[in-house]
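J.: Quick one: the structure is below, and I'll ask about it shortly.
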Amino acid sequence: MSNYHIKNLEEYFQVYRKSVREPVAFWEEIAEEHFVWQKRWTEVLSWDFTKPEIAWFKGAKLNITENCIDRHLTNRANKTAILFEPNNPEESAQHITYKQLHEQVCKFANVLKSKGIRKGDRVCIYLPMIPELAISVLACARIGAIHSVVFAGFSATALATRINDSECKMVVTSDGAFRGNKTIDLKGIVDEALENCPCVASVLVAKRIDSAVNIKKDRDLWLQPLLDAASSMCPAEIMDAEDPLFILYTSGSTGRPKGMVHTTAGYMVYTAYTFKNVFQYRENDVYWCTADIGWITGHSYILYGPLANGATSVLFEGVPTYPDYGRFWEIVEKHAVTQFYTAPTAIRAIAKESLRFVENHELSSLKILGTVGEPINEEAWHWYNDNIGKKKCPIVDTWWQTETGGILISPIPFSTPTIPTFATLPLPGIQPCLMDENGKEISGKQVDGRLCIKFPWPSMARTIWGDHQRYKDTYFSTFPNNYFTGDGALRDSTGYYRITGRVDDVIIVSGHNLGTAPIEDAINEHPAVAESAVVGFPHDVKGNALYGYVILKEVGEQRNHENLRKEINQIITEHIGPIAKLEKIQFTNGLPKTRSGKIMRRILRKIAGGETESLGDTSTLLNPEVVQEIIENSI
Ligand code: PRX
């Protein structure tokens, strides 16, 4: 029996039991046999969820890029590591071999060093899905700089907040981005952000769209000439197991975005292990995850997990709808993709269109399909299974979070029988539990509650950058001695888990995690707005969409509601990005509040979702009369 590669259900149960009974021996064996270390650890795990402090492979020394690149140079030098598929299907794909990746990462790393970046410095990467994104991430890891990738759909204000929070010294960007038939002026957005970021000393600019951009003297530098002049040898900085590898921001239910800090060794071991098992990766497979590297899915399952396994990983610059709704399947056919991993929202968007976009393409290379980021509804699951997998490819519904670093609950293909909408069973090493509202664990089957994890796993985030107290409060205080996920889940009679959605004020829109508080803060910036509340409501493509209830300062403002709606969405776009725009905006004279002044979001959610029959008890409200008004004017 191998702990590393699970091949059937019986093996899964054996491995799982071992991982719970002897977690230290379990992870030690995996770490020992499948990775390159410069120095062995002195302790596999030390942890205390009350502080909370978690350390894996303490005392070990390593560099993750030696594991993701250098070690493959012996047997896989000419194998494609990254297969770049450009936005425009007319432009040729690029096969970047492990040898080329090594050279390019080393060159980039030398450029970073020549610009004064050292171990521990933070580098913000704001790039489209082009090879430079993968290379710059790995180059940071090569020299021990902490990368903070910001999704290139975020606005200048959102970018500036993230740059300042972790005091990045450098920004890596491009002149612009191609996105379907549009171009986006990334450099312009960076320039605007940097007006408020005194910590940034330099900006490296990759050329992608060949647009005229402003180059600020003594700050901005074109990347290519620097790469051309750089040496292709760069020794890997030797890192401690617990040195931070990266920061990645995620929305919280309140306040500023949280800079989740992931460290080196545990993250590497866990993402590699889960990639191998969840995607059953074999040597000649071509694996494609459609996420953006700006999100955790891209970090863990486009870059680190696949590369640690010597895989070929597709990097797609474009969107599923360009030049038409068949683009995904065209790429699957063109590169004979074997594992395909995407978000339910993309499946729903494509499923709405004609099947001819699918039928035009040969999809027989596919072996395994995956989904991530939000619950997949039964209809989308069946569409995916019937039309893409042709009922032959297991679907892995993978549940996890930015904070968890890797997949925690998922079927193992060809081992775990799948049921639509169920993420099924915990992966080895993961000990989930359900809690009731009083903090008591709910035992047994056919139950639902708040999903927690009882025991540490190697890739869990170790802290929130600059705010350990918030890390403790958010994840370890609601249910002491447990990591609280913020999700609700049910466990069925076979022990399978089904994730039912967030139980806090985070809303998942098209697979993107959005906190309501920052959106409300943006809306409240509008001079005509007195107060606002944002909730989610079910949407057949996006999963959820945003519904805003807005109280205006003066009734007179009511005359121009359409303009106001546009202006409010414009402010949201400026503060956060277009992904956070409101689908519906209702102007109202009041919001339902408790006697302590808290907005009763439960009621607003029900009204937004059209469930006005089941509002529950409203008599405890400070202002119950407002509910009827809101119902009558709901959109
Ligand atoms: O609510 C869960 C949902 O996405 C949240 C995490 O979002 P984020 O940190 O952006 O990471 C997304 C990619 C890993 C979770 O708390 N979620 C993620 N995967 C699933 C899911 N909900 C249901 N089913 C899933 N498979």
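J.: If Lys and Arg each add +1 and Asp and Glu each add -1, what is the summed charge of the other residues whose beta carbon sits under 12 Å from the beta carbon of VAL358?
T.: So the environment of VAL358 carries a net charge of -4.
J.: While we're here: Given a Förster radius of 60 Å and the C-beta distance between ASP185 and ARG21 as r, what FRET efficiency does 1/(1 + (r/R0)^6) yield to the nearest 0.05?
T.: Efficiency, from the Cβ-Cβ distance: 0.60.
J.: Once you place label points 7 Å from the Cα toward the Cβ at ALA528 and SER365, how far apart are they in nm?
T.: Using points 7 Å along Cα→Cβ, the separation is 5.3 nm.
J.: Still on this structure, I have one more. Quick one: pull the percentage of alpha-carbon pairs in segment 195-284 with a separation above 14 Å.
T.: The answer is 81 percent, as a whole percent.
J.: Sticking with this structure for a sec: Farthest toward the dipole's positive end in the chain, which of VAL534, ASN78, ILE189, given Cβ charges of +1 (Lys, Arg) and -1 (Asp, Glu) about the Cα centre?
T.: Working it through, the farthest residue towards the positive pole turns out to be ASN78.
J.: Label-point separation (nm) for VAL447 and ALA336, each offset 7 Å from Cα along Cα-to-Cβ?
T.: Here the modelled spin labels are 5.0 nm apart.
J.: Describe numerically, in nm with one decimal, the distance between label points set 7 Å from Cα along Cα→Cβ at LYS352 and at HIS561.
T.: Each label point is offset 7 Å from its Cα along the Cβ direction, giving 2.4 nm.
J.: Please list 303-313, 384-394 highest first by mean number of surrounding beta-carbon atoms within 10 Å per residue.
T.: Result, highest mean Cβ count within 10 Å first: 303-313, 384-394.
J.: Report the relative contact order of segment 1-138, percent, no decimals, based on alpha-carbon pairs under 8 angstrom and at least 6 residues apart.
T.: Result for segment 1-138 is 14 percent.
J.: With all protein chains present, how much of the accessible area of the chain (probe radius 1.4 Å) comes from carbon and sulfur, to the nearest whole percent?
T.: The computed percentage sits at 48.
J.: Can you give the percent of C-alpha pairs in the chain whose distance is more than 37 Å?
T.: Distances greater than 37 Å cover 34 percent of the Cα pairs.
J.: May I have the count of lysine pairs in segment 332-486 with C-alpha atoms under 13 Å apart, counting pairs 8 or more residues apart or located on different chains?
T.: 4
J.: Work out, step by step, the length gained on full extension between LYS440 and GLU195: first 0.36 nm times the residue separation, then minus their alpha carbon distance; give nm to one decimal.
T.: 83.2 nm
J.: Same structure, new question: Take the Cα pairs of segment 380-500, get the Kirkwood Rh, then feed it into Stokes-Einstein at 20 °C and 1.002 mPa s and tell me D in µm²/s.
T.: 139 µm²/s
J.: Over segment 369-484, what is the relative contact order in percent, taking alpha-carbon pairs closer than 8 angstrom and at least six residues apart?
T.: Value for segment 369-484: 19 percent.
J.: If the viscosity is 1.567 mPa s and the temperature 4 °C, what translational diffusion coefficient in µm²/s does Stokes-Einstein give for segment 1-82 when Rh comes from Kirkwood over Cα pairs?
T.: 87 µm²/s
J.: Calculate, for the chain, the solvent-accessible area per residue in square angstrom, rolling a 1.4 angstrom probe over the heavy atoms of the protein chains.
T.: 38 Å²
J.: Counting Lys and Arg as +1 and Asp and Glu as -1, what is the net charge of the other residues whose Cβ lies under 15 Å from the Cβ of TYR325?
T.: -1
J.: Once you charge only the Cβ atoms, +1 for Lys and Arg and -1 for Asp and Glu, what is the size of the charge dipole of segment 197-328 about its Cα centre, to the nearest 20 debye?
T.: 360 debye
J.: For a label point 7 Å from the Cα of SER92 along Cα→C-beta, name the residues of segment 108-132 whose backbone N is under 20 Å from it.
T.: 130-132
J.: With +1 assigned to the C-beta of every Lys and Arg and -1 to the C-beta of every Asp and Glu, and no other charges, what is the dipole magnitude of segment 166-252 about the Cα centre in debye, to the nearest 20?
T.: Magnitude of the dipole: close to 460 debye.
J.: Which order do peptides 56-63, 192-199 fall in by mean Cβ count within 10 Å, highest first?
T.: 56-63, 192-199
J.: Could you work out the pair-distance distribution P(r) of segment 510-632 from its alpha-carbon pairs, with 5 angstrom bin width and percents rounded to whole numbers?
T.: The calculated distribution, bin by bin, is 2, 11, 21, 23, 20, 15, 7, 1.
J.: Which value, in debye to the nearest 20, describes the size of the charge dipole of the chain about its Cα centre when Lys and Arg Cβ atoms bear +1, Asp and Glu Cβ atoms bear -1, and nothing else is charged?
T.: 1020 debye
J.: Below 8 Å between Cα atoms, with a sequence gap of 6+, how large is the relative contact order for segment 510-632 in percent?
T.: Computed over segment 510-632, the figure is 23 percent.
J.: Taking R0 as 30 Å, what FRET efficiency do you get between ASN481 and GLN628 from their Cβ-Cβ distance, rounded to the nearest 0.05?
T.: Result of the calculation: an efficiency of 0.10.
The values are calculated or read from the model by the stated rules, or taken from the named source; none is laboratory data. These figures come from a predicted structure and were not determined experimentally. Here the Cβ is made from the backbone with ideal geometry for all residues, glycine too, and neighbour counts use every protein chain on show. To get the accessible areas, we keep the full protein, side chains included, count just its heavy atoms, and leave off ligands, DNA and RNA. Shrake-Rupley method; radii C 1.70, N 1.55, O 1.52, S 1.80 Å.
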